[in-house]
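Note sheet for the following structure.
What follows draws every value from the coordinates through simple rules; no lab data is involved. Keep in mind that what you see is a predicted model, and the values were worked out from it rather than measured. Every residue, glycine as well, gets a Cβ built from its backbone with ideal geometry; the counts of neighbours run over all protein chains shown.
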Amino acid sequence: MADAVFRAESLSKTYQTGDVLVHALRSVDLEVFPGEVVVLLGPSGSGKSTLLNIMGGLDRPTSGRLFFKDRELSALPDAELTEYRRNNVGFVFQFYNLVPSLTAYENVALVTEIAAEPMAPEAALALVGLQNRMDHFPAQMSGGEQQRVAIARAIAKAPSVLLCDEPTGALDSHTGARVIAALMSVNSKLGTTTLIITHNAVIQEVAHRVIHFADGKISRIAENAHRKSAAGLVW
Amino acid sequence: MGKLDTKLLRDLQRMWAQSLAIALVIAGGVATLIMAVGSARSLLETRNAYYERYDFADIFAEVRRAPRSVLDEIRRIDGVAVADARISKLAVLDIPGLREPATGRFVSLPDRGEPLLNKLYMKAGRMPEPNRVDEVVVSESFATAHRFEPGSQFAAILNGRKRTLTVVGIALSPEFIYAVGPGDVMPDDRRFGVVWMPERSLAAIYDLEGAFSSLYVKLSAVADERDVMSQIDGKLARYGGTAAFGRKDQTSHAWLDHELDMLRNMSRTLPPIFLLVSAFLVNLTLTRLVALEREQIGLLKALGFSNGAVAAHYAKFVAVIVLAGIVIGSVAGTLLGVFITRMFGDFFRFPFLMFEKTPDLYVIAGVLSLIAALLGAMRALREVVTLPPAIAMKPPAPPMFHHVVPLLGRVDRWLSQRVMMMARNLAHHPLRALFTLLGLSLSTAILIVSLFTRGTMEELIDVTYFMADRQDATLSFPERKSVTALYDVGRLPGVVAAEPYREVPVRIRKGNVERRILLSGRPRDAHLRQIIDVDLRRVELPEGGLAVSALLAEILDVKVGESVEIDLLEGQNRTLSVPVAALVEDYFGIRGMMDNASLSRLMREAPSINSVNISVDEKDLDDLYARVKELPSVSGMALQRASLENFRTNVALLITTMAGIYTLLAAIIAFGVVYNNARISLSERARELASLRVLGFTSGEVLRILLLELGLLAVLAQPPGWAMGYGLAWIMRTELAGEIMRVRLVVDPSTYALASGIVLLSALLSALVVGRRVYKLDLVAVLKSRD
Ligand SMILES: Nc1ncnc2c1ncn2[C@@H]1O[C@H](COP(=O)(O)OP(=O)(O)O)[C@@H](O)[C@H]1O
Ligand SMILES: [Mg+2]
C-alpha cells in the first residue's frame, strides 16, 4: 500500500472548561491514503470536527502525534502551520465563508494569489460547474452555488487534501447531491484525498472508507466494496 | 438583578477596552467644555470681585500739576461717586544685583488712612509711616522677582536725585494687575515695579505740595461715562491734563480684559466643536456596535423579550458607557478647570480665587452626549428590532456588492483581490466610509486648531521683534524733550545708532466710531523702529501721511486713501483730518504712525521727542547700564531682548499651555475614534478574516487587509482635515483678535504635519492593539460560531 497522507498516533484532545475536562479525542490511531475518499460519521459531539481541525492545522492535539506525509504537524510552529494550510489543505465548511465583497472568480483568485502551484481560477470553477457564474457576487448565488464556489476555492490551490465539515449541512437534498458530485469529480480528476464529515448516512455510499466515531474514539471502520456514483445519491 | 442586566455586565466586561475608548471620546468633549467655560467664568468672577472689594476706579486722568482744590470741583460733577487724587511719577531704579536699570511707577499714598479707590491688598509688611521719607511699599511681582522682603533696600533717581528706599510692605492693587513699563508691551517683573510712597514724601520730592498729578474717579450707577470725562477734561485742561480715559484704555484693565476675553472666546469656540465632534463620533461608533449585536437581538426576541425590553437593554448598555464618559470628562474637566484658573490666577496674582459652580455645563455636556449616543444606538436598533427573530438570528445573507467599475474594462482582473475587497467594501458602505473619513478629518482639524497658536506666536515674534521693532533698547523721558536730548543719548557709551521717537495721545475717528490711541512720529528713514505693512513690507510714509494698525482701520472702516479725524489730546487740543497712507501689520494695541516732521507740524511744535530708540554695542552694555542708572532725566529703559523673553515666558507660555491641554484632549478624541473604528471593523469582519486564515493567509496578511482600508481612509482624511482645521483656525483667530493683542493666521506646515502625525500615530497604535487581536483570532471558534 502507498505511504499514508495522514498518520495519527494515539491522538488525544482535551478541553478544559471550568472544572470540567472534556475528552474530545481519546487516543485515535488512523491512516488516510492518497486519493482516498473518507466519510466520517458519528453523533454530534463525538470528536469528528476536532480531528478534522487538527488535520487541517487549525488546532493542535493535546497529546499523540499527527504526520502529514513525513512532516509531524503536531510539532510545527504557527507560521509553518499557516504555510502548511496555504499549500496543502483545502477546507469546506457548512457555512460557506465566502468573502461577500468578492465575486466567485475573485474568491477563488484570492487563494491562487498566495498558493505555491495553483490552478487557474476558471479551471477550478469549471470543475464545480460554475464557469458561467464567475462574475457573480455571493449574494447573487444560491446556497449550493456558494458552497461550490467554496469547493472551487478550496481546490484551486491544488491541495493534497480536501477537508469538508458537513458541507451539505445547510443544503436541501438535491443541491447537496450536486455539491457531493462536485467533490467526487474533483477527487477523480485530481486525485485529491478527501475527508467528509456528515450526518447524512446516504453520503457514505460514495466513500472508499467510512469511519464511525463515538465518544472521541473510532468505533468502527467500514470499506465500501462498491462505491455509488454521486449522481445516484438521493436523500 | 435580571438576567438581562447580567448580560449587560458581562458584555461591558468583555468589551471594556472598547467601551473605555468610547467613554474617553465623550470625556474629551465634556472635559473641554467644563474646563474652558468653567475657568473663564471663575476668572471673570474673581476679577469682578477683586475690582469690587478693592474699589477699582472707572476713570483715570493725568495732569502736570493741578491744585488740590480742583478735586473738590470734580467731586461735585454729576455722576462722580468718589474721586481721589495723588501723585504719580515714573523713575529709574537701581537695584542691587540687577545689571540693567529698572523703572518704578511711583504712586502716592494718603498720609492718613488708605486711598479711597484702588485700594491695596497687603501681602506682607505694613504701610509706610507718613513722616519717614524712605519707606515704601512695592508691588508683589516686583518684590518676588528681587526676593524683596520688608527691610530690603534699593535706590531710585527721583526728580534727578538718587535716594535709597526701604521696603516696608508688599502689596497688590487692582490697578496694576498687568503692570507694564514705559515703552514696553509686556510686563517685566524684574525691570518694572510699582512703588507706593507717602504723599508727603513724594510731594516734597516733586514740588507738588498741595497739588496732584493723577486723578481717579468712581462713577455712580447712573453716570454717563463720556459726559463725566469731558467735564473732567474741562476742569483739568489748564493744568496740563491729557484727556481722561476709562477702564477700556487703562493698560492693566485692558490687558486683563483681553486675556479673559481670549479665554472666554476660546471657551466659546473650541468646546462646542469638540463636544459636537465627540458626540458625532460616538453616535457613529455606537450605531455600528449595536448593529454587531444583530444575532443576539434576534435571540432575545425569539425568547420572548419585547422590542421595548430589547431596546431598553441596549439603551442601558449605551447609557452606562456614556455615563462613564461623562463622569470621567466631568472630573477631568473640573480638575483641568481648577488648574487653568490657578495658572491664570497666579499669573495675574489675584489675591484670591473664586471657583464658579457651573452645574449648567455638566448638564449641557451630559445631555448632549447622552442624546447623541442614544440616537446612534437607536438608529441601529430600529433596523434590527423590526426584523422577525428568525431572520435576525440567522447570519445576515451575504450583503449585495457591486462591481465598482463596469465589467467591460476588466481592470478588476488586474488588481489584487485584497485591493478589490477594500475597494468594494468602501463602495458598499459609502456612508460609513464617508462618516469615518469625516471623523478622521475632524480629529485632524481639532488638532490643528489646538496646535496652530504655536506657529502664530512665532510669526508674531518674528514680525514684531525682528521686522518692526529692531531697536535694542528704548530710553524714555518723563516729559517731552527737545531734540537735543537725542544727541545726549547718542553720546552714551555703546550707543551705535539712535532714533528719535515722539508719542502723542489722540482720539481717532471716522463717522461715529472713535478710539483713543497713541500717535507716534519717527524719522521717515527709521531703521530701528520700522513700519511694516500688511504685506510684511517696510513702508516709508509720504509727507503728512498716516499709517494705522490694520485692525484699527477695520474698526474705523477706513481704507488707504481715505481720511480720518484726529483730536490731539496734548498741547493745543485741535482736531484735524489726515489721510491714511498705509495699514500696519502689528499685534499689540492699535496705533497710529507718522514721520516725525509731519507730526511736529500737526502739533505746531519744535521737533521734540519722548523717547529714543537705540542700537547698542554688546560689549559696552555694562557701561551703558551704569550710566543710565545715574541719568537724572530718564524715566525708563525698555530692552527688546528682555521684552521678547518675557513674551515667551508669559503670554506665549499661557497660550501654549492652553493649546497643549486642548491638543491632549483632541488627541484622546482622535485616538478613541481611530481605535473604535479599527475594533469594530475587526468585529464586523471577524468571520471573513478567519476564513482567510483558514485558507492559509498569515495573520500579517489578514491584518494588512483589515488595515489597508483604515490606513487608506486615514490618509485620505488628512487633506480635508487640513482644510477644516484651517477653517477652524480662522474662526479662532477672528474670535481671539483684540485691540490689545492679536495674531496673524499662519498655519505652518509643521502644524499640519504634527496634527496628521498624531492622527496617523493613533491609527498605528490602534493597528497594533487590533493586530494583537488578529494574531489571537481563534479560527475554530469563529468558524464554529454558527455550528
Ligand atoms: N473549544 C472547545 N472548548 C470546549 N469543549 C469543546 C471545544 N470544542 C469542542 N469541544 C467539545 O469537544 C467534543 C467534540 O466536539 P466536536 O469535535 O466538535 O464534535 P463533532 O464535530 O463530532 O460534533 C464535544 O463534547 C465538544 O463539546
Ligand atoms: Mg462538528
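Screening the candidates B:325, B:329, B:308 for the property of being farther than 19 Å from residue B:20 by Cα, in a helix (DSSP H, G or I) and among the small types (Gly, Ala, Ser) yields one hit, B:308.
Taken together, the residues in the stretch A:102-115 that are acidic (Asp, Glu) and assigned to a helix (DSSP H, G or I) amount to 1.
Taken together, the residues in the stretch B:149-168 that are surrounded by fewer than 22 Cβ atoms within 10 Å (Cβ to Cβ) and in contact with a helix residue (DSSP H, G or I) (Cβ under 9 Å, 6 or more places away or on another chain) amount to 7.
The residues on offer are B:568, B:528, B:519, and the sole one that is touching a Gly at 6+ places or on another chain (Cβ under 7 Å) and buried (at least 16 other Cβ atoms within 10 Å of the Cβ) is B:519. Restricting attention to the stretch A:202-216 and to residues that are in a strand (DSSP E or B) and either in contact with a Gly (Cβ under 7 Å, 6 or more places away or on another chain) or charged (D, E, K, R) (or both), the residue that is nearest to ligand 1 (Cβ to nearest atom) turns out to be A:213.
The condition (being surrounded by fewer than 18 Cβ atoms within 10 Å (Cβ to Cβ) and aliphatic (A, V, I, L, M)) is satisfied by just one residue among A:126, A:104, A:109: A:126.
Filtering the stretch B:718-739 to residues that are part of a helix (DSSP H, G or I) and either among the β-branched types (Val, Ile, Thr) or more than 17 Å from residue B:753 (Cα to Cα) (or both) leaves B:730, B:731, B:732, B:733, B:734, B:735, B:736. Would you mind finding the one in A:130, A:162 that is more than 9 Å from chain B (Cβ to nearest Cβ) and without any contact (Cβ under 8 Å) to a residue 40 or more places away in the chain? On inspection, the qualifying residue turns out to be A:130.
Taking residue B:689 as the residue in question, decide whether it is in contact with a helix residue (DSSP H, G or I) (Cβ under 6 Å, 6 or more places away or on another chain) and within 16 Å of ligand 2 (Cβ to nearest atom). Break it down stepwise before answering.
Values: in contact with a helix residue (DSSP H, G or I) (Cβ under 6 Å, 6 or more places away or on another chain): yes; within 16 Å of ligand 2 (Cβ to nearest atom): no.
Judged against the criteria, residue B:689 is not a match.
Quick check: is even one residue across the stretch A:139-149 more than 12 Å from chain B (Cβ to nearest Cβ), under 25 Å from residue A:51 (Cα atoms) and charged (D, E, K, R)? Yes: the stretch A:139-149 contains one or more residues that are more than 12 Å from chain B (Cβ to nearest Cβ), under 25 Å from residue A:51 (Cα atoms) and charged (D, E, K, R). Can you name every residue in the stretch A:4-28 that is surrounded by 14 or more Cβ atoms within 10 Å (Cβ to Cβ) and within 16 Å of ligand 2 (Cβ to nearest atom)? Those that are surrounded by 14 or more Cβ atoms within 10 Å (Cβ to Cβ) and within 16 Å of ligand 2 (Cβ to nearest atom): A:13, A:23, A:24, A:25, A:28.
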